[in-house]
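Down below is the structure, laid out as structure tokens.
The values are calculated or read from the model by the stated rules, or taken from the named source; none is laboratory data. Please read these numbers as outputs of a predicted model, since none were measured by experiment. Ideal geometry is used to build each Cβ from the backbone, glycine not excepted, and the neighbour counts take in all protein chains shown.
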Amino acid sequence: MKQKCAVIVCVSLLIAGFASHSAERVVKPTQAAMRLKLTYAQGVLEGITLEKFDLVITNAAKLRDMSQTNVFVLMGNWDYRTCRTNFQASVDALTQAAKEENTQKASEAYLKMAQSCIECHKTFRREQFVRSQLHITRLENPNPPERNQP
Ligand code: HEC
């Protein structure tokens, strides 16, 4: 009997857990595809660190392809295109370095690529943009409003 109760409690906790989880997470249609960038970037890093250059090449090719799909080209905005072009250039440099089996060059290109991920996100993802703007205002304002208060 005790065991049965324990099972019931466990199952209901699980169900409650799933329900609240799905309720608070808003999944955008592009999210799953966009998150794949993390998987490929991880593959690139693994390839560079373990000097498995074929891994770098295949994952860079996936990142390159992704940046040409509709999901990535969601905005016709010119700044967005510049970000995307910079990103593609860094991925191309990465592929070239991997073909030459040059770890130093590949790691430099990887850093550039990571910077272009961050740059585009800071500019084009709304919540990230707002946060970076708040940060800039705080740095530039010598008398932030909170300090003027008694
Ligand atoms: C040219 C601009 C651009 C570049 C470069 C870029 N992203 Fe994104 N990324 C976006 C935009 C815009 C979204 C939001 C899409 C949406 O919300 O529908 C996004 C979404 C994501 C998400 C999903 C976030 C979530 O809500 O779960 C991840 C993860 C991500 N990007 C990782 C990366 C990584 C890693 C790189 C570099 C390898 C990268 N991105 C490069 C524009 C970019």
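Among the numbered conditions (1) over 17 Å from the mean Cα position of the chain (by Cα); (2) charged (D, E, K, R); (3) at pLDDT below 85; (4) closer than 30 Å to residue 55 by Cα, the only one that residue 125 does not meet is (1).
Does at least one position in segment 117-130 carry a residue that is surrounded by 16 or more Cβ atoms within 10 Å (Cβ to Cβ) and over 18 Å from residue 65 (Cα atoms)? Explain how you work it out, then say what you get.
First, the residues of segment 117-130 that are surrounded by 16 or more Cβ atoms within 10 Å (Cβ to Cβ): 117, 120, 124.
Then drop every residue that is not over 18 Å from residue 65 (Cα atoms), which leaves 124.
Yes, that holds for at least one residue.
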